[in-house]
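Asks: Got a structure here, written out as structure tokens. Questions coming.
Computed from the coordinates by the stated procedures, all read-outs in this text should not be read as laboratory data. In this text, all values refer to a predicted model and were calculated from it rather than measured experimentally. In this analysis, Cβ positions are derived from the backbone assuming ideal geometry, glycine residues included, and neighbour counts consider all displayed protein chains.
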Amino acid sequence: MLNQILEVVLEFLPIYAICYGVNVFLYFATGWVLVQIQNRHPDRRIQPKRRGEKRMWKEIRQSVYSLTVTAGCLAGGVFLSLKGWTLVDPLELSWWSVILMFVVSVFAFDTWFYWGHRLMHTKWLYRFHAEHHKSVAPTVWSTYSDDLLDAFVMQSYYLFAVIFLPIPAVVLVAHRLWDHFNGTIGHSGFEFYASPLSRIPSPMVCVTFHDQHHSKFRYNYANFFSFWDRVCGTIAPNYDAEVKRFEAMGTESKDQAVQPGE
């Protein structure tokens, strides 16, 4: 029995090491690229009177720490899928199954994230979420600045989803990559993506959505979409108006870039 457990652990560890290494690399690489872009457009800062960058090194240390949990959840889900230790078999890979299960996974994760996030804001569990909310003006380095339990509640979707949904391991990894870029951009504190597609009646969101969660605390709990917040009445009252404001800024910038005679 002990030998079997040891064999499973030794089989799991390389997958975990790869997941952790890639997550940490993408954390720093994505953050660095976004910072270079943001430095050229200081006018796009969502909270101009706050400088979340003051917490950068604290957030980096905490993020490298909490990514051990995030990587563990993803590695665990991939491992369970590869071993066939699930209640349902993953769909065979094809162009339609990849697209279908990616869409299903994204919508399922958004529901998981919304209600898990609401749970972490209750008086019983908030102390485990408080670390993340020290970043009142989030930056690219804030994305994974979580307590370990907080990280598990939010990211354990990747561990459990393959047990109940026929998600191929490759689709789970693709979803996690999408979530990484979405989360890092969403915490960046700079708005470049405001458009009619990120406000009502569209369910899509832009950076302002999650930035308001950090600055206003009790609104905008979801991840990819505004659906659950609108249905449950937790959307920030001025979210759509703020999106329109940044839309106008983007239009003015484009107009200024057009030279006479063009």
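Asks: Got a sec to turn the phi values of the stretch 109-114 into Karplus ³J(HN,Hα) couplings, 6.51 cos²θ - 1.76 cosθ + 1.60 with θ = phi - 60°, whole Hz, x for Gly and Pro?
Replies: Calculated HN-Hα couplings, in order: 5, 4, 5, 4, 5, 4 Hz.
Asks: Pull up all non-local amide H partners of F190: gap of 5 or more, or a different chain, and H-to-H distance under 5 Å with H placed in the peptide plane.
Replies: Long-range HN contacts for F190: I46.
Asks: Provide the descending list of Cα extents for the stretch 20-142 along its principal axes, expressed in whole angstroms.
Replies: 51, 39, 25
Asks: Expressed in nm to one decimal, what extension gain is obtained for the pair E11 and L119 from 0.36 nm per residue of sequence separation less their Cα-Cα distance?
Replies: Numbers: separation 108, 0.36 × 108 = 38.88 nm, distance 3.39 nm.
Additional length available on full extension: 35.5 nm.
Asks: Right, next: In debye to the nearest 20, how big a dipole does the stretch 125-259 give about its Cα centre with +1 on each Lys and Arg Cβ and -1 on each Asp and Glu Cβ? The partial results should precede the final answer.
Replies: Values: 10 positive and 13 negative charges, 39 e Å.
For the stretch 125-259, the charge dipole is close to 180 debye.
Asks: If the limit is 30 Å between Cα atoms, which of K58/K216; K54/K216; K58/K244 go over it?
Replies: K58/K244
Asks: Okay, moving on. Using each residue's phi in the stretch 88-97, evaluate 6.51 cos²θ - 1.76 cosθ + 1.60 at θ = phi - 60° and report the 3J(HN,Hα) Karplus result to the nearest Hz, with x for Gly and Pro.
Replies: Here the 3J(HN,Hα) series is 10, 7, x, 5, 5, 5, 7, 4, 6, 5 Hz.
Asks: Work out from phi, with θ = phi - 60° and the Karplus expression 6.51 cos²θ - 1.76 cosθ + 1.60, the ³J(HN,Hα) of each residue of the stretch 20-34, listed in order in whole Hz, and give x for Gly and Pro.
Replies: Running phi through 6.51 cos²θ - 1.76 cosθ + 1.60 with θ = phi - 60° gives 5, x, 5, 4, 5, 4, 5, 4, 6, 5, 5, x, 4, 4, 5 Hz.
Asks: Would you mind calculating the gained length between K83 and A248 on full extension (0.36 nm times residue separation, minus the Cα-Cα distance), in nm to one decimal? Intermediate values should be presented prior to the final figure.
Replies: Values: separation 165, 0.36 × 165 = 59.40 nm, distance 5.16 nm.
Roughly 54.2 nm would be gained on extension.
Asks: To continue, here is another question. Do any chymotrypsin sites (Phe, Trp or Tyr not before Pro) in the stretch 148-240 lie in a DSSP loop with no more than 13 other beta carbon atoms within 10 Å, and if so, which? Kindly include the intermediate steps, with their values, before the conclusion.
Replies: Working: sites: F152, Y157, Y158, F160, F164, W178, F181, F190, F192, Y193, F209, F217, Y219, Y221, F224, F225, F227, W228, Y239; in loops: F192, Y193, F217, Y219, Y221, F224.
Hits after loop and neighbour filter: F217.
Asks: Which value in Å does the Kirkwood hydrodynamic radius of the stretch 3-64 take, with 1/r averaged over all unlike C-alpha pairs and then inverted? Present the calculation step by step, with values, prior to reporting the outcome.
Replies: Working: mean 1/r = 0.0681 Å⁻¹.
For the stretch 3-64, the Kirkwood estimate is 14.7 Å.
Asks: Moving to a separate point now. Just to confirm the filter: which trypsin sites (Lys or Arg not before Pro) across the stretch 111-144 are DSSP coil and have at most 14 other Cβ within 10 angstrom of their Cβ?
Replies: Details: sites: R118, K123, R127, K134; in loops: K123.
When the trypsin sites (Lys or Arg not before Pro) of the stretch 111-144 are filtered for loop state and at most 14 Cβ neighbours within 10 Å, K123 remain.
Asks: Shifting gears a bit: Using 0.36 nm per residue, how much length does the chain from D240 to E92 gain when fully extended, once their Cα-Cα distance is taken away?
Replies: Values: separation 148, 0.36 × 148 = 53.28 nm, distance 4.07 nm.
That pair, D240 and E92, stretches by 49.2 nm at full extension.
Asks: If you don't mind, another one. When only C-alpha pairs under 8 Å and at least 6 residues apart count, what is the relative contact order of the stretch 63-152, in percent? Could the numbers behind the result be given before it?
Replies: Working: 47 pairs, mean separation 43.5, N = 90.
Reported as a whole number, the value is 48 percent.
Asks: Another question, then. State the label only: which of [x] 174; [y] 116; [z] 160 corresponds to volume of the Cα convex hull per residue in Å³ computed from the shown model?
Replies: Checked against the structure: label [z].
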